[in-house]
Amino acid sequence: ASITGIRGNSGSGKSTLLQLLLGLRQPTGGQVQFNGTDLSSLPRHSVASQVGFVPQTPVLISASVSDNVRFFRSAISDEAVIWSMSLAGLHDEITSLDGAYGRLLGKEGVSLSGGQAQRLCLARALAARPSVLVLDEPTSALDKRSSSHVMNALSLMKDHIIVIIVTHQKSTLEACDHVYELSHGSLTQLR
């Protein structure tokens, strides 16, 4: 597996591409394939269980840290929560808080920094151990340290999953094995 970066100007089709990759939109021509199978022929729950998504803007719910990682997926074990938080570089920061993984987040609890919230969303996506991880501008709002944590986590994962990153960040693209330019709905490989 590898890390593939996709860059493009506003209006180039990045949002449409993300929707196609996530099975949220059907192509008007051709097909999106997952392991050689047309994505539209797969049950939505099958796609959802194999593809993790990290949005550009992190969303946290008013619940415990653990519940924010599980995100309504009760089958995710405590071990998977801790593993994914460790991989996202957030485990030590969370365990230093009163209540640790039981600590409430959101409106009813403590607020996380933007970088911590983004890394929690990365942990959320990783906790289900997806085959494909799709990230939308994962480091755009992060400081250098948080960005480094995210990119280190992705580097560790690239041997086990396919990582696709849509980004404008030059440093993020430099960490990618393959880089494509998206322009007017067409992809061109840059490296």
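The values are calculated or read from the model by the stated rules, or taken from the named source; none is laboratory data. This one's a predicted model, so the numbers in the text were calculated from it and none came from an experiment. Don't worry about glycine lacking a Cβ; one is built from the backbone with ideal geometry, like all the others, and counts go over all protein chains shown. Accessible surface is based on the protein model in full, side chains and every heavy atom, while ligands, DNA and RNA are left aside. Shrake-Rupley method; radii C 1.70, N 1.55, O 1.52, S 1.80 Å.
Descriptive notes on the structure:
- Residue within the range 121-133 that is in contact (Cβ under 8 Å) with a residue 40 or more places away in the chain, polar (S, T, N, Q), part of a loop (DSSP other than H, G, I, E, B) and in contact with a Phe, Trp or Tyr (Cβ under 9 Å, 6 or more places away or on another chain) present: yes
- Boolean, Leu112 is at negative phi, in contact (Cβ under 8 Å) with a residue 40 or more places away in the chain, surrounded by fewer than 18 Cβ atoms within 10 Å (Cβ to Cβ) and aliphatic (A, V, I, L, M): no
- Subset of the range 166-181 that is within 14 Å of Leu142 (Cα to Cα), in a loop (DSSP other than H, G, I, E, B) and touching a residue at least 60 places away in the same chain (Cβ under 8 Å) - its residue that is least open to solvent (accessible area, probe 1.4 Å): Thr167
- Number of residues in the range 8-51 that are among the charged types (D, E, K, R) and either in a helix (DSSP H, G or I) or in contact with a strand residue (DSSP E or B) (Cβ under 6 Å, 6 or more places away or on another chain) (or both): the value is 2.
- Subset of the range 95-109 (residues that are open to solvent by less than 40 Å² (accessible area, probe 1.4 Å) and either among the hydroxyl-bearing types (Ser, Thr, Tyr) or closer than 15 Å to Ala153 by Cβ (or both)): Tyr101
- Of all residue pairs spaced 6 or more apart or on separate chains, those with beta-carbon atoms under 6 Å, a first member in the range 71-97 that is farther than 18 Å from Ile61 by Cβ and free of Cβ contacts under 8 Å to residues at least 40 places away in the same chain and a second member that is of a type in the set (A, V, I, L, M) and open to solvent by less than 70 Å² (accessible area, probe 1.4 Å) are His91/Met85.
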